[in-house]
Every structure is written in C-alpha cells, then in structure tokens.
Amino acid sequence: MSRRTIVVVEDEATIVGAVASRLRSEGFAVETAATGPDGVALCARVAPDLVVLDWMLPGFDGIEACRRIQAERPVPVLFLTARDAEADVLVGLGIGADDYVTKPFSPRELVARIHAVLRRTARAAEEPAPSRIALGRDVLDLDGRRLLRDGVEVPLTPTELDLLATLAGRPGRAFSRDELLAEVWEWRTGGSTRTVDSHVAALRRKLGADVVRTVPGHGYALGDRA
Ligand code: CA
C-alpha cells in the first residue's frame with residue numbers, strides 16, 4: 001500500500017512544524033499550506049487521504065476551504081478549533097468535517113484522532129451502499145429501480161431515475177450540469193446542459209419543487225447544503 005498523504009492547512013508555523021514532524025514519524029507523507037486558498041490548491045494537486053484544517057486562516061477561513069476542498073473531491077477533514085463551542089457550529093454546518101481537535105492539543109492526540117478517522121472512513125467505504133434512500137415522503141429503491149410514495153410506485157422514466165439516484169447517492173453534494181451529463185447520460189462532450197434542466201424540471205413536477213435544489217452558478221443538489 002502506498003504511503004498515505006496528509007495535508008495540513010494552518011498558518012501558525014509552530015503548530016505546523018510539530019504536527020508535520022509527528023505525522024512523518026508515523027509514516028505519513030505530509031504537505032502543508034498556510035492560507036485557505038493555498039490549502040485548497042494543494043489538496044487539488046496532491047489528492048490527500050486526509051486534511052487537517054485550521055478554522056482561522058488567512059485568505060478565507062477553514063469553513064470555506066473545507067467547502068471548496070469537498071466540492072473538488074470528498075476527503076476526510078479533521079478541524080483544528082480554538083474553542084469547544086466551535087465544534088457545534090461545524091457539525092451544524094454539515095460541511096463534512098469528520099472530527100475536530102480543540103487547541104491546545106498534543107501532536108500525539110491529533111495523530112490518534114487521525115488514525116481513528118482513517119479507520120472509520122475505510123470501514124465506511126467497505127460497507128455496501130444502501131439500496132433504499134429516504135427522500136422526504138418518498139423512498140428511492142435502487143435495487144428495484146423505482147420510487148415509492150406510501151408504498152405506491154411513482155412513475156419515473158429511466159433517465160429521471162438515474163438522475164435522481166445520482167443526486168441522492170451523494171446528498172448535499174452540488175453537481176454541475178456537465179458532471180450530470182457525464183454521469184447520467186454518459187456524454188463526455190457535446191451534451192446540452194438544457195437536457196439536465198428539463199429532466200430536473202420533470203423530477204420537480206413529480207416529486208415536489210423542493211426535492212432537487214438549484215445551486216446558483218453551478219448546477220443541482222439533493223438534500224441540505226453540504
Ligand atoms: Ca490559524
């Protein structure tokens with residue numbers, strides 16, 4: 001197995017130094033960045049296995065960095081926070097923070113938490129994807145390829161079903177129209193994004209206007225903002 005890479009985004013040099021040397025001694029490859037924008041760019045470049053992200057960063061803060069990193073590619077994130085109370089905010093935001101450590105912390109404690117997050121995410125990846133997904137009052141039955149409302153099938157076209165399954169498979173994740181064209185229609189090039197819009201409109205007519213959310217300037221998502 002190749003060495004796992006951890007990105008540490010933190011502007012306090014002493015913390016970065018202590019955390020990085022501890023992680024390297026544990027056998028991780030470590031890359032560091034000191035601002036929000038640099039952290040996002042670094043994650044896009046090295047595709048880390050986990051990100052340690054400070055809340056307070058120059059450029060933009062850890063929350064915004066986390067959103068951008070997760071939009072690019074989902075990755076476990078462990079937040080560094082200044083106060084315990086911030087953890088509640090993190091959870092409430094639903095931005096995909098997997099754990100947090102409150103400053104001051106020992107590098108040993110942080111490393112233990114990193115191992116725990118990596119174990120948890122490895123386990124989650126092994127679990128089979130659920131075959132039934134609850135969507136408000138409806139249930140999407142992926143194995144049976146049908147949508148049920150109070151046990152009665154809601155008629156959907158195969159494409160509508162594929163579109164819904166793609167969005168529902170990653171709740172809160174914003175998909176661009178081009179991504180959806182590639183995933184659902186398997187059009188790598190040349191597809192019209194208007195196709196996506198009209199199928200979303202059809203889903204809204206059948207499921208209710210608020211099931212699929214428009215993400216302005218980007219595309220569509222299902223479920224709460226990630
Ligand atoms: Ca900081």
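Just a few scattered comments:
- Helices (runs of 4 or more DSSP H) (entirely within region 120-226) containing at least 3 residues that are of a type in the set (Ser, Thr, Tyr) and over 30 Å from residue 66 (Cα atoms): none
- Of the residues making up region 187-209, those that are open to solvent by less than 20 Å² (accessible area, probe 1.4 Å) and among the β-branched types (Val, Ile, Thr) number 2.
- Some residue of region 15-24 being in the same structural domain as residue 77 (by TED's automatic domain parsing), of a type in the set (Val, Ile, Thr) and farther than 19 Å from residue 82 by Cβ: no
- Identity of the residue in region 1-29, more than 16 Å from the ligand (Cβ to nearest atom) and surrounded by 19 or more Cβ atoms within 10 Å (Cβ to Cβ), that ends up nearest to residue 65 (Cα to Cα): 6
- Contact map, region 42-61: residues that are more than 10 Å from the ligand (Cβ to nearest atom) and open to solvent by 10 Å² or more (accessible area, probe 1.4 Å) paired with residues that are among the small types (Gly, Ala, Ser) and part of a helix (DSSP H, G or I), Cβ distance under 8 Å, separation 6+ or inter-chain. Pairs shown: 59/36; 60/36.
- From the list 132, 146, the one residue that fits, being open to solvent by 40 Å² or more (accessible area, probe 1.4 Å), in contact with a strand residue (DSSP E or B) (Cβ under 6 Å, 6 or more places away or on another chain) and within 17 Å of residue 202 (Cα to Cα), is 146.
- Any hit, region 179-186, residues being open to solvent by less than 30 Å² (accessible area, probe 1.4 Å) and touching a residue at least 40 places away in the same chain (Cβ under 8 Å): yes
The values are calculated or read from the model by the stated rules, or taken from the named source; none is laboratory data. None of the values given here were measured: they were computed from a predicted structure. Cβ atoms come from the backbone with ideal geometry, glycine included; neighbour counts cover every protein chain shown. Surface areas here come from the heavy atoms of the whole protein model, side chains and all, with no ligands, DNA or RNA. Shrake-Rupley method; radii C 1.70, N 1.55, O 1.52, S 1.80 Å.
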